[in-house]
Amino acid sequence: AANGIVHEINSVLTPSSVEEDIVGKVVDSAENDMRPELTTLLKLLTSDAVKGSGIMDILGGPGPLTVFAPTDFAFRKIEIDELSNEQIVEILKYHIVEANLYSDDLNKDDEAPTLLGENIKVTSTFPFLQIDGKSN
């Protein structure tokens, strides 16, 4: 074209005025098979165990937030069915930090406070991220 350039892209750009909250991103990813390994997390976030805990309000709020989202593989390592609702909420809160933590900004042994009120130790060595000594 003589009057400009067209770039083809494989996704829809959304302005900040219509950005989804972090829950919407997890839901869309799991439902659209983009991230099918997050289905257990999605089920837990929408379960009766989490209702009334405030987690969904925080995740749907303005942020900033970082969620260290356990995959289905990670959840298979624990006996979810044997946990109480309180334990499930505590586990989920332990995976959420009220800050934007970019892996490029993390240094060796940085600590971040979780929603549970306990600090996690976060270490980033590109392309790997370790949380309390467990890697992605």
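The values are calculated or read from the model by the stated rules, or taken from the named source; none is laboratory data. What you see is a predicted model, and the numbers here were worked out from it, not measured in a lab. Here the Cβ positions follow ideal geometry from the backbone for every residue, glycine too, while neighbour counts run over all protein chains shown.
Tabulated data
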read-out: Listing of helices (runs of 4 or more DSSP H) fully contained in the range 1-107 that carry 1 or more residues being of a type in the set (S, T, N, Q) and modelled with pLDDT of 75 or more; value: 39-45, 85-93
read-out: Pairs where the first residue, in the range 48-75, is of a type in the set (D, E, K, R) and the second is surrounded by 15 or more Cβ atoms within 10 Å (Cβ to Cβ) and in a helix (DSSP H, G or I), C-beta under 9 Å, 6+ apart; value: D72/E37; D72/L38; D72/T39; D72/T40; D72/L41
read-out: Top-ranked residue of the range 57-101 - restricted to ones that are out of contact with any strand residue (DSSP E or B) (no Cβ under 9 Å at 6 or more places or on another chain) and of a type in the set (F, W, Y), ranked as nearest to S47 (Cα to Cα); value: F75
